[in-house]
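Accompanying notes for the structure given below.
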Amino acid sequence: MLEIHMQEEKNELPATAVREITVLKSIQHENIIKLNHVAFEPSYTSRCNHLYLYLEIFPIDLKRYMNALRSNERLSPRLVKLIKIDYLRLADFGLARQCHMTERTLTHEVVTLWYCPPELLLNAPTYG
């Protein structure tokens, strides 16, 4: 389950939440996590409403799996060779966009600068 906090003053869904829901609803692929249900819960005690995305359940993520394998300190991800992957799923599509050739406006809500395109760092209004 993914919980999204919505500030009451704005009274709107974050753009990243709308994009994530749209992308997950439109893509059906065995390696993309499935969005099962979306629920909205208004808050009567605080100024923050909640939106819940109920995603496909997985018992472990890749980071936890790698940590479990690290009984030897010299083990690194490049040394682990995968023989068979039965249940690999990609998740976190908050910054995803559906590509439309006419829409090239940037989103300025990038959390990790390592994944930020140069155009965004330089305050360019459009891609390309």
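The values are calculated or read from the model by the stated rules, or taken from the named source; none is laboratory data. Note that the coordinates shown come from a computational prediction; the quantities given were computed from them, not determined experimentally. For neighbour counting, all protein chains shown are included, and Cβ atoms are generated from backbone atoms with ideal geometry for every residue, glycine included.
Count of segment 37-55 residues, restricted to those that are without any contact (Cβ under 8 Å) to a residue 40 or more places away in the chain and surrounded by 13 or more Cβ atoms within 10 Å (Cβ to Cβ), is 1. Select from segment 6-29 the residues that are in contact (Cβ under 8 Å) with a residue 12 or more places away in the chain and loosely packed, with under 13 Cβ neighbours inside 10 Å and list them in ascending order. The answer is Gln7, Glu8, Glu9, Ser26.
All conditions but one from (1) at pLDDT 60 or above; (2) over 20 Å from Val23 (Cα atoms); (3) out of contact with any strand residue (DSSP E or B) (no Cβ under 9 Å at 6 or more places or on another chain); (4) assigned by TED's automatic domain parsing to the domain that holds Pro14 apply to Phe58; the one that does not is (2).
Return yes or no: is Leu120 in a helix (DSSP H, G or I), modelled with pLDDT under 75 and surrounded by 13 or more Cβ atoms within 10 Å (Cβ to Cβ)?
Spelling it out, Leu120 is indeed in a helix (DSSP H, G or I), modelled with pLDDT under 75 and surrounded by 13 or more Cβ atoms within 10 Å (Cβ to Cβ).
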